[in-house]
Amino acid sequence: MQFSTIIDDLATQGWSLQSSFLSNAVTHKLADECRRREAEGALAPAGVGRGEAQAVREGIRGDQIQWLELGQSEVCDLYLNFMDELRRALNRELFLGLEEFECHFAFYPPGAFYQTHLDRFRDDDSRCVTAVLYLNPDWQPEHAGELRMHFPDGSQRDIAPLAGNLVVFMSGDFPHEVRPTQAERLSLTGWFRRRPEDVLGL
Ligand code: OGA
Ligand code: MN
């Protein structure tokens, strides 16, 4: 089964890194779509927090985002449908009760970063599993911009935002950050969510 490594990794260590998660052709089309939206001015500075408390704080994160909706483009629909298959596999194998997948393009201009954080809001912990797909085919070490994961034992791991790399982790368990990037950094960042009422009932 195509998602079995992700599922095994999540079960044993709470996170997973897959390279070449999608074909180069699909990753390339997703990158084109992100660049097209950026050129059209469709991306907006990302906020921090949720609902009325949301605010744009460039000192915390400097990326620009746009949420994906079904029906916007063929390749985005393909990605959303593929991630929905992963959602169903996670539910089948790990009984996570994930109801939906939400995701946005993220564009980090040179100099942008995202300080260490958890992907759960204090007032809403419906985000259960994070999945980030990177879209940068020519990423070099000097471009920096790594995803830095912080593990419970105090160790850390840097992951390059290289096209095709998919990182999946339990949203509430791993503080992480985006190191300052030296080149334009494109990704698709998403979350598998439970319904808030299910979370409250845990
Ligand atoms: C986020 C995030 C990581 C990355 O958007 O919450 O942590 O590598 N992104 O883009
Ligand atoms: Mn995050």
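The values are calculated or read from the model by the stated rules, or taken from the named source; none is laboratory data. All values reported here derive from a predicted model rather than from experimental measurement. Note that each Cβ is placed from the backbone with ideal geometry, even for glycine, and that neighbours are counted across all protein chains shown. Please note that ligands, DNA and RNA were not included when accessible areas were found on the heavy atoms of the full protein model with its side chains. Shrake-Rupley method; radii C 1.70, N 1.55, O 1.52, S 1.80 Å.
Residues that are without any contact (Cβ under 8 Å) to a residue 24 or more places away in the chain, within 16 Å of the chain's Cα centre (by Cα) and closer than 29 Å to Gly145 by Cα: does region 88-106 have at least one?
No, because not a single residue in region 88-106 is without any contact (Cβ under 8 Å) to a residue 24 or more places away in the chain, within 16 Å of the chain's Cα centre (by Cα) and closer than 29 Å to Gly145 by Cα.
Here are some conditions: (1) in a strand (DSSP E or B); (2) acidic (Asp, Glu); (3) open to solvent by 50 Å² or more (accessible area, probe 1.4 Å). Glu102 meets all but one. Which one does it not meet?
Going through the list (1) in a strand (DSSP E or B); (2) acidic (Asp, Glu); (3) open to solvent by 50 Å² or more (accessible area, probe 1.4 Å), Glu102 breaks only (3).
Across region 129-157, which residue is nearest to Thr27 (Cα to Cα) among those that are surrounded by 12 or more Cβ atoms within 10 Å (Cβ to Cβ) and more than 14 Å from ligand 1 (Cβ to nearest atom)?
Ranking the qualifying residues of region 129-157, first place goes to Pro137.
For region 161-172, state whether one or more residues are away from ligand 2 (no atom under 16 Å from the Cβ), assigned to a strand (DSSP E or B), within 25 Å of Ala25 (Cβ to Cβ) and open to solvent by 50 Å² or more (accessible area, probe 1.4 Å).
yes
Report, by residue number, each residue of region 130-144 that is within 14 Å of ligand 2 (Cβ to nearest atom) and touching an Asp or Glu at 6+ places or on another chain (Cβ under 9 Å). Quick ask: steps written out before the conclusion?
From region 130-144, those within 14 Å of ligand 2 (Cβ to nearest atom) are 130-134; that's our starting set.
Hit for region 130-144 is Thr130, nothing else.
Quick check on region 54-98: of everything there that is under 20 Å from Ser171 (Cβ atoms) and part of a strand (DSSP E or B), which residue is most open to solvent (accessible area, probe 1.4 Å)?
Across region 54-98, the extreme among qualifying residues is Trp67.
Restricting attention to region 87-121, report how many residues are charged (D, E, K, R) and within 15 Å of ligand 1 (Cβ to nearest atom).
Residues in region 87-121 being charged (D, E, K, R) and within 15 Å of ligand 1 (Cβ to nearest atom): 3 in total.
Give region 12-26 a look and list any residue that's open to solvent by 70 Å² or more (accessible area, probe 1.4 Å), touching a residue at least 60 places away in the same chain (Cβ under 8 Å) and either in contact with a strand residue (DSSP E or B) (Cβ under 8 Å, 6 or more places away or on another chain) or assigned to a helix (DSSP H, G or I) (or both), or say none.
Scanning region 12-26 gives Ser19, Asn24.
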